[in-house]
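The values are calculated or read from the model by the stated rules, or taken from the named source; none is laboratory data. Values in this document were obtained by computation on a predicted structure and should not be read as measured data. All Cβ positions, even for glycine, are placed from backbone atoms using ideal geometry, and neighbour counts span all protein chains on display.
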Amino acid sequence: GGNGTPPSHPELLDWLASELMEHDWSLKHIHRVLLTSKTWQQDSRPNAAGLAVDAGARLLWRFPPRRLEAEGIRDCMLAATGKLNLEMGGPGFSAFEVEAENVRHYHPKKDFGPEDWRRMIYMTKVRQERDAVFGVFDCPDCSQVVPKRSRSTTPLQALNLLNSRFVMQQAQLLVERLDREAATPEAKVELAWQLCFGRPAEAEEVKASLAFVHDADWQQFARALLNSNEFVFIP
């Protein structure tokens, strides 16, 4: 449009258009080309040379860091603590307490139990009401028509992840899992890294974690991991 900006790779767009026509307008073929390309499969690690030229990664020299959607954040927390219920189908669960008078009033739940630990796709929606914890992560209520979710970064997101009762509960459940499955402090840190980040902890990370636990406690350590950028963002 008149107020837009030129594409970053016009020659690439022309080539993709010709590729689409040459393969009988097959979108599946275009998807396969994109998803198997070296550019698509890059990680998001920066380097000094790239940042100096194109800090916003507009030229696609690295994968742009992207925050998980609300559902992904919640489900990953439950997976890390070992409480995610993977049952398929059946009735959903609600994030609200219902008060029935002349009309129904919906109040966000303060306490969550095993019946609420299914994947968030099974959470029932309430019109004009958002989930108290994850609604701030651009998760619309069902009264809205949203063809594409917005991606915002707000103070409320950080405050909800740090202070909500759900996250505090999951942090404690993560500590209990570490107690069950690891015998030494070092083993607990290494297990926590695997559960939360899917990778082994480096020596400096283990050292810093043990120092943190010495000054604080394991619950705060688990809470910090669940609030970290590496947990919330796709690397």
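Looking at this structure, is A187 assigned to a helix (DSSP H, G or I) and free of Cβ contacts under 8 Å to residues at least 12 places away in the same chain? Criteria met by A187.
If the condition is being buried (at least 17 other Cβ atoms within 10 Å of the Cβ), part of a helix (DSSP H, G or I) and over 13 Å from the mean Cα position of the chain (by Cα), then segment 125-172 contributes N160, F166, V167, Q170, A171.
Cβ-Cβ distances below 9 Å connect the following pairs, each with a first residue in segment 137-158 that is at positive phi, a second residue that is part of a loop (DSSP other than H, G, I, E, B), and a separation of six or more residues or different chains: D138/E69; D138/V146; D138/R149; D138/S150; D138/R151; D138/S152. Taking the listed residues R119, R74, R32, R45, the one that is modelled with pLDDT of 90 or more and over 28 Å from Q144 (Cα atoms) is R32, with no other qualifying.
Scanning segment 48-71 for residues that are hydrophobic (A, V, I, L, M, F, W, C) and more than 28 Å from K148 (Cα to Cα) yields A48, A49, L51, A52, V53. For V98, the requirement of being in contact with a Phe, Trp or Tyr (Cβ under 7 Å, 6 or more places away or on another chain), farther than 13 Å from A70 by Cα and among the aliphatic types (A, V, I, L, M) is met. Taking every residue in segment 194-211 that is touching a residue at least 40 places away in the same chain (Cβ under 8 Å) and pairing it with any residue that is surrounded by 11 or more Cβ atoms within 10 Å (Cβ to Cβ) and assigned to a helix (DSSP H, G or I), at least 6 positions away or on another chain, the pairs with Cβ-Cβ distances below 6 Å are L195/A80; C196/A80; C196/L225; C196/F231.
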